[in-house]
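Report on the structure given below.
The values are calculated or read from the model by the stated rules, or taken from the named source; none is laboratory data. Given the structure is predicted, the values throughout are model-derived calculations rather than measurements. As a convention, Cβ positions derive from the backbone with ideal geometry for all residues, glycine included, and neighbour counts pool all protein chains shown.
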Amino acid sequence: MSDAPDAPDAPNAPAPSIEVSNLTYNFPDGTRALSNISLSLPAGSRTLLIGANGAGKTTLLRLLSGKRLAPSNTITIGGFDPFKHGLEGVTYLGMEWVLNPIVRNDISVTELLRSVGGDHYPARRDQLVRILDIDVGWRMHAVSDGERRRVQLAMGLLRPWSILLLDEVTVDLDVLARMRFLQFLKEESESRACTVVYATHILEGLQSWATHLVRVSLGGVRCYGETKEVMRKEVEQYGGEGSLLEVVMRWLEQDLEERGPRNGGRSQALTYENVTKVELDIHV
């Protein structure tokens, strides 16, 4: 019999912490995406990833989820490499998940929820339907983007998880649906000691929700820690009211000043009319 610990794949297992140590990652074309990132996020925490577009948030989340291979010994979830072990308790909801074409077909909400295990978790299914205000009679090809997003969130959260990684998945929700969704995640983290990492630019209601903040800047982590401590240091250094919006705006302005314009050394007068070569940066 092996004495090795079991990977954290059981829904009722204690929520594992997230440890990142000296993580540097390049895209396949050699472009540097992340540089020397180290993080320690405790079990049961609710962490916000804050940063400008292209800062590296999505890449970091994909590496944490095991969807991309990180260098050896740089990421562990409860002591395990998420890529090598394929941890079932880790749920990642990002844009590729949102764009899944099946949710635009002529199919009912009931059928979709059943396809992801709704009949095995009836109480949880009904709770999510109620919280997200879903009409189980909806046909998916005939609903709005916001209604479709509610169903997708219910599908993604139906099976109990230990680690939840969210990448801008609430942008189509109205204010009430979003706040009820965040309250559900808070209750999950407190009642089941689950861990949530959430990348978003919509900050309303999040200052008291987040236990930790991570500032991602130009492929690195500029600072991270408990929300109250990070905010206290910001007020000590810069003054102000200490609101999350105020702090994040300052971070983004500092990042822009450090990075400079996206056109680099090209003319600041660059327009759609005079550009002769369009380069699309697909790296996130």
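Side notes on the structure shown:
- Within the stretch 32-68, considering residues that are closer than 26 Å to E188 by Cβ and small (G, A, S), the one surrounded by the most Cβ atoms within 10 Å (Cβ to Cβ): G51
- The stretch 193-217, residues that are under 19 Å from T58 (Cβ atoms), surrounded by fewer than 16 Cβ atoms within 10 Å (Cβ to Cβ) and out of contact with any Ser or Thr (no Cβ under 8 Å at 6 or more places or on another chain): H201
- Test: residue in the stretch 193-206 that is out of contact with any Cys (no Cβ under 6 Å at 6 or more places or on another chain), farther than 25 Å from S162 by Cα and either modelled with pLDDT of 95 or more or part of a helix (DSSP H, G or I) (or both): no
- All positions within the stretch 99-122 that are of a type in the set (G, A, S), under 15 Å from L158 (Cβ atoms) and either outside any helix (DSSP H, G or I) or in contact with an Asp or Glu (Cβ under 7 Å, 6 or more places away or on another chain) (or both): G117
- From P82, P5, P101, residue being modelled with pLDDT under 90 and within 30 Å of K228 (Cα to Cα): P82
- Residue within the stretch 37-57 that is among the basic types (K, R), modelled with pLDDT of 90 or more and in a strand (DSSP E or B) present: yes
Each row is one residue, and each column tells you yes or no for (1) free of Cβ contacts under 8 Å to residues at least 12 places away in the same chain; (2) surrounded by 19 or more Cβ atoms within 10 Å (Cβ to Cβ).
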residue	(1), (2)
T91	no, yes
E96	yes, no
L99	yes, no
N105	no, no
T110	no, no
D119	yes, no
A123	yes, no
V129	no, yes
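- E226, sole failed condition from (1) of a type outside the set (S, T, N, Q); (2) crowded, with 18+ Cβ neighbours inside 10 Å; (3) in contact with a Ser or Thr (Cβ under 9 Å, 6 or more places away or on another chain): (2)
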